[in-house]
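The values are calculated or read from the model by the stated rules, or taken from the named source; none is laboratory data. As the structure is a prediction and not an experimental result, all values here were calculated from the model. Note that we place each Cβ from the backbone using ideal geometry, even for glycine, and neighbour counts take in every protein chain shown.
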Amino acid sequence: MATTYLVTGGAGFIGSNFVKYIAGRHDAATRIVVLDALTYAGNAANIEAEIKSGRVEFVHGSINDTTLVDSIFAEYDPDYVVNFAAETHVDRSITGPKIFSETNVMGTVTLLDAAARHWRLPDGAWWDGKKFLQISTDEVYGSLARDYDEAQPIDIPETLRELVSRRNDTPVSFGKKFFTEQTPLSPRSPYSAAKASADMLVMAWYHTYGMPVNITRCSNNYGPMQFPEKLIPLLINNIQEGRPLPVYGRGLNVRDWLYVDDHCAAIEAVLEKGTAGEVYNIGGLNEKANIDIVREVIALVAEYTGTEPRYDLIDYVTDRPGHDMRYAIDPGKTAAELGWIPMTAFSEGIRRTVKWYLDNRQWMHNVISGEYREYYRKQYKQTDRP
Ligand code: NAD
Ligand code: TYD
């Protein structure tokens, strides 16, 4: 029987990539309903082709709107709820934390509550084939130490290296520890604290009511259609505009970069094969220090545009308060149980990503609204530049 997906936040970065991924892999019998509030980060144009072709039903509204969410369950009877909808930018959570709890916590509760009302039978059992998937983040685990020197990162552990043996790279690590699904939650920013709260509520619906749920915790995604407040698209845009490239602190913080299509494949695997009540970590096995990303993006923009590399734009600015030092995911459980591995080496994914933004300057132009310019001016005022 055909499946109906309710994708909340489907006009944002990962959500819109996921919508395209599912639309491209399933025939028209598979229904995709997107619920998105179109905040500053949401862009319906990302999925315009799918909406116009009738492949996607688009509902403009909030996951906090109980009446609307109920009406969507009643009308479309979704099999899968994939909850991407969230406020997602750590820096914004520092300057304006309240909306992060409203959307990320209360919005998730509204969805859980509606799903329970529509998916639960009078005897307390659940309709077959239903699943609530909460898209969470590695940031709920807190911050790992960076035990290795910038100049001498080490090979990742043998067991993890085997997972990506078909990949054309030698992944490195900047520390001894990795996040596993057993790592205690220890969020440190208003963003990650709200995401961790939502995770605990999702698990409460599983334990209390038996709701079929999964949680995925992924590392930093990169790829097409990411809002340019996040590091990689911000760099590409600023290089093209000849603007400074703000590097927080000394640029030594480490993130584990996951190509967005690899993430979409993992989400599909969890929906189809994940055991109810389980958490799955999804990482790219692509640890990078921020400054190395900055240098790589500068070099690639120069290569693709045939211009001089703009290392002169690198601008060390005041560090983010409470800046988590290192994130690194051990995706071993997801690989062993679901057969998923992160196939995209960073060297390959970053080429595709830079090229996409250079080929889609109009997209960038359209998303950089007045609101974003105002945010940017406030966020980077310490650099004393426009
Ligand atoms: P994004 O900011 O690009 O998109 C968020 C989307 O949610 C936007 O389309 C926005 O309009 C929508 N939205 C916000 N509030 C809403 C509301 N009340 N009702 C309905 N829609 C609403 O985010 P993203 O990077 O695509 O992240 C998607 C999910 O993945 C989030 O839950 C985030 O916490 C998680 N995540 C992202 C990353 C990453 O690197 N981008 C890493 C780990 C986890
Ligand atoms: P970001 O893309 O905001 O993702 P997250 O905070 O969720 O990891 O930032 C990625 C890293 O890049 C993080 O260590 C902060 C750093 N960063 C900068 O150095 N300069 C910037 O202008 C931004 C946006 C981020």
- [ ] Return yes when THR95 is of a type in the set (S, T, N, Q) and surrounded by fewer than 19 Cβ atoms within 10 Å (Cβ to Cβ) and no when it is not.
- [x] yes
Task: The listed residue being touching a Pro at 6+ places or on another chain (Cβ under 6 Å), of a type in the set (S, T, N, Q) and within 24 Å of ASP138 (Cβ to Cβ), out of SER93, SER101 - done: SER93
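The rows are residues; the columns are (1) over 14 Å from VAL81 (Cα atoms); (2) in contact with a Gly (Cβ under 8 Å, 6 or more places away or on another chain); (3) in a helix (DSSP H, G or I); (4) not small (Gly, Ala, Ser).
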position: VAL7; (1), (2), (3), (4): no, yes, no, yes
position: ALA23; (1), (2), (3), (4): yes, no, yes, no
position: LEU35; (1), (2), (3), (4): no, yes, no, yes
position: ASN64; (1), (2), (3), (4): yes, yes, no, yes
Open item on the list: Just to be sure before I move on: is LEU35 of a type in the set (A, V, I, L, M) and near ligand 1 (Cβ under 9 Å from one of its atoms) in the structure I sent?
Closed with: yes
Open item on the list: Give me the helices (runs of 4 or more DSSP H) completely within region 98-207, filtered to those with at least 3 residues that are within 16 Å of ligand 1 (Cβ to nearest atom), surrounded by fewer than 15 Cβ atoms within 10 Å (Cβ to Cβ) and of a type outside the set (A, V, I, L, M, F, W, C), ordered by residue number.
Closed with: none
Open item on the list: Considering only region 38-49, I want to know if a residue exists there that is in a strand (DSSP E or B), free of Cβ contacts under 8 Å to residues at least 40 places away in the same chain and either among the acidic types (Asp, Glu) or near ligand 1 (Cβ under 10 Å from one of its atoms) (or both).
Closed with: no
Task: Those residues of region 265-292 which are among the polar types (S, T, N, Q), surrounded by fewer than 21 Cβ atoms within 10 Å (Cβ to Cβ) and in contact with a Phe, Trp or Tyr (Cβ under 9 Å, 6 or more places away or on another chain), in sequence order - done: ASN290
TODO: Considering (1) away from ligand 2 (no atom under 15 Å from the Cβ); (2) within 18 Å of the chain's Cα centre (by Cα), say which one ARG326 fails and leave the rest.
DONE: (1)
Task: Residue in region 162-220 that is nearest to ligand 2 (Cβ to nearest atom), counting only those that are over 12 Å from SER136 (Cβ atoms) and of a type in the set (Phe, Trp, Tyr) - done: PHE174
Open item on the list: Given the condition surrounded by fewer than 20 Cβ atoms within 10 Å (Cβ to Cβ), part of a loop (DSSP other than H, G, I, E, B) and in contact (Cβ under 8 Å) with a residue 12 or more places away in the chain, answer yes or no: does some residue in region 77-88 qualify?
Closed with: yes
Task: Residue satisfying condition, being within 16 Å of ligand 1 (Cβ to nearest atom), farther than 23 Å from GLY10 by Cα, among the basic types (Lys, Arg) and surrounded by 15 or more Cβ atoms within 10 Å (Cβ to Cβ), within set ARG255, ARG310, ARG295 - done: ARG255
- [ ] Return only the number of the condition from (1) at pLDDT below 95; (2) within 29 Å of GLN134 (Cβ to Cβ); (3) small (Gly, Ala, Ser) that ALA336 does not satisfy.
- [x] (1)
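Condition check ((1) within 23 Å of PRO153 (Cα to Cα); (2) touching a residue at least 60 places away in the same chain (Cβ under 8 Å)) across all residues:
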| residue | (1), (2) |
| --- | --- |
| ARG295 | yes, no |
| TYR304 | no, no |
| ASP315 | no, yes |
| ASP324 | yes, yes |
| PRO331 | yes, yes |
| GLU337 | no, yes |
| ILE350 | yes, yes |
